[in-house]
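**Q** Starting off with a structure, shown below.
The values are calculated or read from the model by the stated rules, or taken from the named source; none is laboratory data. Note that the structure is predicted; figures quoted are calculated from it, not measured. Cβ placement follows ideal geometry from the backbone for every residue including glycine, while neighbour counts extend to all protein chains displayed.
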Amino acid sequence: MTERDPVRDFYRDHPEMVSSPFGGVDYYLYEPLQKVWDELGFLSKPGHVLEIGCGRAWLRDFLNGKGSKYIGIDLVHSRKAGETLGPDLLGSSESLPFSAESFDSLICIDAYEHFPHPNYAAREFHRVLKPGGEVFISTPNYGNVAGLVKKWMESFGGYEKETWAPFGKWTPQAHEKPVSIRRVKKTFSDAGFTQGKVLGMAEEVYLGLFPWAAHPKCPEAILFRLQRGFPGLKRVLAKKIPGASLHQFWRWVR
């Protein structure tokens, strides 16, 4: 009898919730992702690439077209009937079905925060990467004003637990664990990774510092001023104070 996995069961029933800062089920934004990779120095040359939590595997053609050899793995098939988009393999991040030192690069975009045991996953990442191999991780960031507000609101039922859907503004993501720069740094350092480099997401800095902007009743005048006031600072803050952003982007080297 197959053991039940609450994360797998949720995303099997709700495939529409496969999303990230770079896209979701029905689209993908390659240019912003490539800019982040360029800033981090990630994937500077083609190689064998594994994406964990790949969803519909939007990166397959994008990376294969650049000379890489892509494999995508996920807990469930999120593809629609009659199409070929989707993972090459089904499997768990905590027990990857690959030999040691199989990949040059590993990608994990907005899946890490759903892992039941991220420390086990980080060790598996280290195992399947070749020496000198690299990991790109994108996760929500709870180590900012928005995270503190969320934790406070959870205490009296004003915010759902294990989700990053602010003020009920959009459908909750299930089984999402709090992630911060400090926690990611400890987890990957303990797993044997070195040379960790982190960036924030410039477009989300104002939400990390002023989360009330995501409230449905936030006056448009305030939201407009926040959006207008941050363009000159957001990129500097995303680099110098990445914890201010709602998302964090990491490059780790084995």
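**Q** Output the number of residues of the stretch 78-101 satisfying the condition of being among the aliphatic types (A, V, I, L, M), part of a loop (DSSP other than H, G, I, E, B) and either modelled with pLDDT of 90 or more or under 19 Å from A122 (Cα atoms) (or both).
**A** 2
**Q** Identify, by number, the condition in (1) surrounded by 15 or more Cβ atoms within 10 Å (Cβ to Cβ); (2) in contact with a strand residue (DSSP E or B) (Cβ under 8 Å, 6 or more places away or on another chain); (3) not in a loop (DSSP other than H, G, I, E, B) that R123 doesn't meet.
**A** Here R123 meets the rest and fails (2).
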